[in-house]
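To start, the structure under review is shown below, and the notes come after it.
Every number in this text was worked out from the coordinates using simple rules, so none of it is lab data. Just so it is clear, the model here is predicted, and its values are computed rather than measured. Here the Cβ positions follow ideal geometry from the backbone for every residue, glycine too, while neighbour counts run over all protein chains shown.
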Amino acid sequence: MRRYTKHLAGATLVLALSAGGTALAAANGWTVPSTALISAKVAKMPRGVTPSAARQSGTAVVSWSAQEITDGVRMDHYVVTAHSIDDPPLPDITRTIEATGGTAETVAFTAAELAGGKWYWTIAPVYRNWTGAESGKSQRLNFPGTPPARPASTDPAAEPTAAAPAGIAPTTPTAPNQPATTTPATTSPVTTETTEPADPVTTATTTAPAGEPTPGDTATTGS
Amino acid sequence: MLKKWWTPLATLVMLAGLLVVATTDQSPAAEDTMVMVGGRGGHEHGGPLYFTLTAGSVHGLYPGKVKQLRVTVNNPMGYRLRLQQLAGRVTWSSRRGCPATSASLQVRPYTGRLPVLISAHGRTTLTGTLPILMPSGTSEKCAGAHFRITISGMGYRVDR
C-alpha cells in the first residue's frame, strides 16, 4: 500500500509540474485563434447570343457579338451549329471555332454544305471546358440543290472571319436576346426566300421536325 | 486489494485527462480550437481575448482565375497581438457536382510575411493576400456556384 501511495504521489507531482509549466507558458503569451467565413461566387456561363445569318456570294455567313464570361474576359471558342428545318431534316452541321478576340465573330458555311436544305443557326459560347447554353435561332436561309452526302455531324477546322470568302461585307451581329437583323443589300438575290427574325412570337406554323424549331419560329417563305 | 489498485489508477487517469484537455486548448496547431468567429471569444480579467479577421467576398471566379483575398485583422485586446499563422480553405459549395475540394477551388498560402504585430485595440489590413485560385480544369458544374471559404488565424498575446 505504501508503495502505491508513493507512486501516486510521484505521478501527481509530475502532472502538476507539467500543468503548471503549460499555464506559465500560456500566461507569457496567450494563444489567440480566430476564424471568419468568406463567400466566393463563380461566374455563370452566359447563353449564346442569337446570331444573324445572311447569304453572301453564295455562302451563308453567320455573325454574332463576342461574349464575355466576366467583365473583360471573352470566350475562347464558340460552337456554331446549322440546323436543318427540312422534313425529314438533314444532319446538323456543327463547327467549333476559335474566337478572334474581336467584338464580333463570323463564320461562313459554303453553299455546297448547305445545298438542298433550309437552315437556321445557333451558337454556344465556350470558355475552357465550360459551354454556355445554346442561343436563339438565327434567320432561316434556303439553299436549293441536291444535298451532299455527309456524315451525321461534321466539325471541320473552321476559320472564323478569315474563312469567309473575299468580298463578303461584314454583317451586323445581333445584340443578346434581340431578333436578328435582316441582311444588308449585299445579300445574294439568287433566291427569293427571305430572312426572318428567329425568335419573335408569331402564330405561323411550320412542319418542323420534332425537337427542332419551336412555335417561336416564323415560317419560311418564298422558297 | 482490487480497490487499492483502482484508486491510484483512476486518479492518475483523471489527472492525465485534465492535462490533455488543458494543453489541447492551448495548441496553435489544433484546428478544432479555432472556434472564435466574428468577435465571439473569451475574456481575461474582464478584457477580450480574441481577435477578428475580415475580408471581402470574392466574385467573378472562372477557370484559371486567381483572386487575391486581402484580410484585415482587428485586435480588440488591450495587448499587442502577434499574428503568427493565417490560412484559408474551401469548406462549402452550393453545388453537388462541384465539391468543396481543391479540384474546384483552392486557397493558396498567405503571400505576406508573418508574424505581424497588431497594436492594442488596433486594426491592420495585411499587406499580403490569400490567393484564391480556380483551376483551369474545374468542372463545368461549378459555373454559377457559391463557395464558402474559412480563413483562420492564430496569434499570441504580447505582454505590454
Principal axis box of the range B:57-141, alpha-carbon based, largest edge first, Å: 48, 21, 19
Residue-averaged beta-carbon neighbours from other chains (10 angstrom radius) around B:62-71: 3
Under Karplus coefficients 6.51, -1.76 and 1.60, residue-wise ³J(HN,Hα) of the range B:135-145 in Hz, glycine/proline x: x, 4, x, 4, 4, 4, 5, 7, 4, x, 6
Sites matching trypsin sites (Lys or Arg not before Pro) across the range A:42-83 that sit in DSSP coil, with at most 15 neighbouring C-beta atoms within 10 Å: A:LYS44
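For the range A:73-141, what does the relative contact order come out to in percent, with C-alpha contacts under 8 Å and a separation of six or more?
Details: 111 pairs, mean separation 25.4, N = 69.
Reported relative contact order: 37 percent.
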